[in-house]
């Protein structure tokens, strides 16, 4: 009679031991695989064929495994992300394939308006430089701008006694009217600091004496025997004949 209670206790113990949850090692490999896949491919991992075996493995975790609840939670989270990515990509894929219905519903990216073309700038006259000489203007720029009316003059000195060069207005009516003064020679003086000023000098006209005319040469007339005077360059008197020594 005592044997029966002992056997019952043994059977009850074995039954409880068999129902105790066990560790399912493949779950940890599946967990590591999905983590690596997502880290490597990002959102592409959720629509990658490589995710399907992982989901199937999570679904196959035994009911009596300690990791069953974690497997169900992980599989549900992966499927939710999979649905999200697919919904985000369906419109883009259909529009790319030319689906007329989806193309009307899918939001189209707005094209930026082209920048306005710059307004044409009216071509103005080419800058020809200063209209008149100015103090401090270099002699090089002066000659480049106004050199047509000037010629290099004699060396000079400035107020401080330093060396200076000059540009003299040439004898041209237009140049004299613009840069010169009546009956004077106008010089523009340049120092190391550029155009210093102008100087004028009264011009004196020197009369050149005419050469003395040659004295008339007496000659004899051909017929009347008279002596006539021949002026060099004047016409020879009518009836004149050249006399020769006997």
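Before moving on, here are some points about what is shown:
- Some residue of the stretch 116-125 being modelled with pLDDT of 90 or more and within 32 Å of the chain's Cα centre (by Cα): no
- Check on residue 95, surrounded by 12 or more Cβ atoms within 10 Å (Cβ to Cβ), part of a helix (DSSP H, G or I) and at pLDDT below 70: yes
- Residue 160 vs. criteria part of a loop (DSSP other than H, G, I, E, B) and within 16 Å of residue 201 (Cβ to Cβ): no
- Checklist (1) exposed (fewer than 11 other Cβ atoms within 10 Å of the Cβ); (2) at pLDDT below 70 applied to residue 63, failing item: (2)
- Selection count where residues are in a loop (DSSP other than H, G, I, E, B) and over 30 Å from residue 90 (Cβ atoms), scope the stretch 17-70: 11
- Checking residue 82 against (1) modelled with pLDDT under 90; (2) in contact with a helix residue (DSSP H, G or I) (Cβ under 9 Å, 6 or more places away or on another chain); (3) in a helix (DSSP H, G or I), the condition it does not meet: (1)
- Residue 199 out of contact with any helix residue (DSSP H, G or I) (no Cβ under 7 Å at 6 or more places or on another chain) and assigned to a strand (DSSP E or B): yes
The values are calculated or read from the model by the stated rules, or taken from the named source; none is laboratory data. Everything quoted here is computed from the prediction, not taken from an experiment. In this analysis, Cβ positions are derived from the backbone assuming ideal geometry, glycine residues included, and neighbour counts consider all displayed protein chains.
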